[in-house]
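**Q** Supplied in structure tokens, the structure appears directly below.
The values are calculated or read from the model by the stated rules, or taken from the named source; none is laboratory data. A quick note: this is a predicted structure, and the numbers were derived from the prediction, not measured. Positions of Cβ are backbone-derived with ideal geometry, glycine not excepted, and every protein chain shown enters the neighbour counts. Please note that ligands, DNA and RNA were not included when accessible areas were found on the heavy atoms of the full protein model with its side chains. Shrake-Rupley method; radii C 1.70, N 1.55, O 1.52, S 1.80 Å.
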Amino acid sequence: MTSEKLSRRQFLRGLIDVVGVAAAADMGLFAWSSPMGDEHAMNRMVMPQLASPKVPLVNPVTLARFVDPLPLPPLAQPTGTRAHPAYPGRELPYYRMEMRAFSAPLHRDLPPTPQWGYGGRSPGPTVQAMRGEPLLIEWVNALPTQHFLPIDYNIHGAERSKPQVRTVAHVHGARVPAACDGYPEEWFEPGHSALYHYPNGQDAATLWYHDHAMGITRLNMYAGLFGAYLIRDAHEQSLGLPGGDCDLPLILCDRLIGKDGQLYYPVSDDPDAPWVSECDGNAILCNGKLYPFLEVEPRRYRLRLVNVANSRFYNLSLSNGRPLVQVASDQGLLAAPVPRQHVALYPAERADVVVDFSGLDGKQVQLRQQSEAIMEFRVRDRGRHDEGALPTTLSTIERIAPAGAVRDRVLTLGEQDDAGGNPMMMLLGGKHWSAPITENPRQNSVETWSLVNLTGDVHPVHLHLVRFQVVERCPFDLFAWNASKTLKFTGAALPPEPHEMGWKDTVRADPGMVTRIIMRFEGEPGRYVWHCHLLEHEDNEMMRPYQLLPA
Ligand code: C2O
Ligand code: CU
Ligand code: CU
């Protein structure tokens, strides 16, 4: 093999391999040269020559399993009430969410890990709201002025002229006016804050909040800036789903951790351009802990699974073969429960699942990511039981008819490579973030968007403000597209899977497919964004503004 320089793409292959070669990392090598037991090794074209991280990485498989209790983020508490011009004559609950640096061990046997979190913890406190009851949140940046993760100053919006530490909070899945949506360029520095109001005028759903600052979202979220935001409503509460302490968020992400406890964020071999196009860790955190356990009663639980990872997707199952019964997706209840042996979750997707521990008194059940047990449920002996069954109908979901759409926008998901064929940035509709607005739907109109994936990867695509339905996925001829920009379908359209028949805000756009979604643009006119939720892509041009025009 020639002494070619390691390309970004090859680096990535290596990065994906890390998960499989954790043993090598444990030897302090962070070595790409030990393909033993590495299922991806066959795909590797060259042995990447990567500078090792300064500190060797923790190999999670060497850690004791299930020795830390699963942390349950506290409920956010309002500190008082306030008036707001958007709600004349009313006093609204006022929350203050301070972003702070803190340290906490990710596992009993690891040194404390410096992180950033809302309320000085990660995940941050859970915000809980009743439908139709608005609230105010003041997002306060009380972080240090220096970032501790590798900024790439070549990325649009992250130039050296900008302050290193910038934040802006977004509630993912919330229908809020543009001024409170957390537009990526409306970031603020340490010592500053933004007061946002949230109408909560939407169906019960598991939403989540996270940072959205231009060009460094991937770093701010890797640092720990996220939390759950639950909307409840009377309809959902009438269904008798598991509630109280049997209803909990399970927020999943993965990290690379140095033996000194520091978070390690991977960098390319080019010190002036450290951006990497994906970031997968080998340590999977459940509510901020590695391999935690939870004591449960022998009854049903509702777990609100949220994937807050930078780029990894999860494929979750239970060790005892019982199904995860999905009752809700991103934007709330499904029409009926869907029992699933495996739940695949792409970044930013949510699945509320009901898990039944009845009859398992005194036993253990593990939650698995692929074949690896990542957390343990310990069922109490002689605990509380519950009677009754899940309702067979959960909600009515009216399908939006594609015939009623005023237009179909054909939008590509593409990759811009350098001369050597290495990804340099990712583009939506072939356009950069700063190109003039091209998507300008009218308020309350129905549109379909056809997401044409020209790359070899899945991209989880997210629209702010609106909820949508998945219409279909249809294979297309990439050569025909490249030759003449015409869509030539090469096979039958695949209908959405049963768990994708509810309301969504993030959709898996598969390679080789046109993924078509449909939505009614309800909400206040203004400027919002849509983007790929792989954070490395989102930060590097795979995000576009869109303008909602008045009806
Ligand atoms: Cu999870 Cu633009 O958001
Ligand atoms: Cu969002
Ligand atoms: Cu992407």
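**Q** Debye calculation, C-alpha points only, no solvent: report log10 I(q)/I(0) for the stretch 273-336 at q = 0.12, 0.18, 0.22 Å⁻¹, in the same order as the q values.
**A** At q = 0.12, 0.18, 0.22 Å⁻¹ the computed log10 ratios are -0.46, -0.95, -1.26.
**Q** Per residue, what accessible area does the chain have, given a 1.4 Å probe and all protein chains present, in Å²?
**A** Details: 20870 Å² over 551 residues.
Here the residues of the chain average 38 Å² of exposed surface.
**Q** Go through LYS162/LYS485; LYS162/LYS289; LYS54/LYS289; LYS289/LYS363 and tell me which ones have a Cα-Cα distance over 27 Å in this structure. Numbers along the way, then the final one.
**A** Values: LYS162/LYS485 38 Å; LYS162/LYS289 33 Å; LYS54/LYS289 24 Å; LYS289/LYS363 22 Å.
Cα-Cα > 27 Å for LYS162/LYS485; LYS162/LYS289; rest within.
**Q** Could you order peptides 468-481, 210-223, 522-535 by the average number of other Cβ atoms within 10 Å of their residues, highest first?
**A** Numbers: 468-481: 18.4, 210-223: 26.1, 522-535: 22.1.
The most tightly packed comes first, giving 210-223, 522-535, 468-481.
**Q** Calculate the spin-label point distance for ASP109 paired with LEU478, positioning each point 7 Å from the Cα along the beta-carbon direction, and give it in nanometres.
**A** 4.3
**Q** If you average the alpha carbon positions of the stretch 377-447 and of the stretch 248-262, how far apart do those two centres end up, in angstrom?
**A** Rounded to whole Å, the Cα centres lie 26 Å apart.
**Q** Mind listing the phi-derived Karplus ³J(HN,Hα) values for the stretch 398-412, rounded to whole Hz, using 6.51, -1.76 and 1.60 with θ = phi - 60°, and x for any glycine or proline?
**A** 7, 6, 7, 7, x, 4, x, 6, 7, 6, 10, 9, 9, 10, 7
**Q** Now, a different point. Treating the Cα atoms of the stretch 70-238 as identical point scatterers in vacuum, please give the log10 of the normalised Debye intensity I(q)/I(0) at q = 0.11, 0.17, 0.18, 0.21 Å⁻¹, two decimals.
**A** Here log10 of I(q) over I(0) equals -0.47, -1.04, -1.14, -1.42.
**Q** In whole percent, what relative contact order does the chain give with Cα contacts below 8 Å and a gap of six or more residues?
**A** Details: 1453 pairs, mean separation 72.0, N = 551.
Taking the mean separation of contacting Cα pairs over the length of the chain, I get 13 percent.
**Q** For MET375, enumerate residues with amide H under 5 Å from its amide H, sequence gap 5+ or separate chain, H modeled in the peptide plane.
**A** For MET375, the qualifying residues are LEU367.
**Q** While we're looking at this one, here's another question. Considering the chain, what Rg and Dmax in Å follow from its alpha-carbon atoms?
**A** Radius of gyration, then largest Cα-Cα span, for the chain: 22.8, 74 Å.
**Q** Tell me the relative contact order for the stretch 70-238 as a rounded percent, counting alpha carbon contacts under 8 Å between residues six or more apart. Don't jump to the answer; show the numbers that get you there.
**A** Values: 393 pairs, mean separation 41.8, N = 169.
RCO, the stretch 70-238: 25 percent.
**Q** Something else about it: Out of the stretch 295-404, which chymotrypsin sites (Phe, Trp or Tyr not before Pro) are coil in DSSP terms and have no more than 16 other C-beta atoms within 10 Å?
**A** Within the stretch 295-404, no chymotrypsin sites (Phe, Trp or Tyr not before Pro) qualify (loop, at most 16 other Cβ atoms within 10 Å).
**Q** Counting only DSSP beta bridges with both residues in the chain, tell me the antiparallel percent, nearest 5.
**A** Looking only at bridges with both residues in the chain, the antiparallel portion is about 75 percent.
**Q** Given a Förster distance of 30 angstrom, what is the FRET efficiency for GLU138 paired with HIS235, based on the Cβ-Cβ distance and rounded to 0.05? The partial results should precede the final answer.
**A** Numbers: r = 31 Å, r/R0 = 1.02.
Here the calculated transfer efficiency is 0.45.
**Q** Summarise the long-distance tail of P(r) for the stretch 402-548 by giving the % of C-alpha pairs beyond 27 Å. Working shown, then result.
**A** Values: 1880 of 10731 pairs.
Counting pairs separated by more than 27 Å, the tail of P(r) holds 18 percent.
**Q** Full extension from GLU497 to TYR87: what is 0.36 nm times the residue separation minus their Cα-Cα distance, to one decimal in nm?
**A** 143.6 nm
**Q** Okay, moving on. What part of the accessible area of the chain, given as a whole %, is carbon or sulfur when the probe is 1.4 angstrom? Can you show the working numbers first?
**A** On the way: 10940 of 20870 Å².
Carbon and sulfur together cover 52 percent of it.
**Q** Please calculate the 1.4 Å probe accessible area of SER358, with all protein chains present, and give it to the nearest 10 Å².
**A** Accessible area of SER358: about 40 Å².
**Q** From the helices alone, meaning DSSP H stretches of at least four residues, give me the mean residue ellipticity at 222 nm for the chain, per-run term -39500 (n - 2.57), in deg cm²/dmol to the nearest 500.
**A** -1500 deg cm²/dmol
**Q** At R0 = 60 Å, how high is the FRET efficiency between ALA101 and LYS488 if r is their beta carbon distance? Nearest 0.05 is fine. All intermediate terms of the calculation are to be shown ahead of the outcome.
**A** Details: r = 53 Å, r/R0 = 0.88.
Working from the Cβ atoms, E equals 0.70.
**Q** Follow-up question, since we're still on this one. With a 1.4 Å probe and every protein chain left in place, tell me how much accessible area ASP510 has, in Å² to the nearest 10.
**A** Taking all protein chains as shown, ASP510 has close to 30 Å².
**Q** What are the aspartates and glutamates whose alpha-carbon lies under 16 Å from the alpha-carbon of LYS259, with same-chain residues fewer than 8 places away excluded?
**A** Reachable aspartates and glutamates: ASP26, ASP109.
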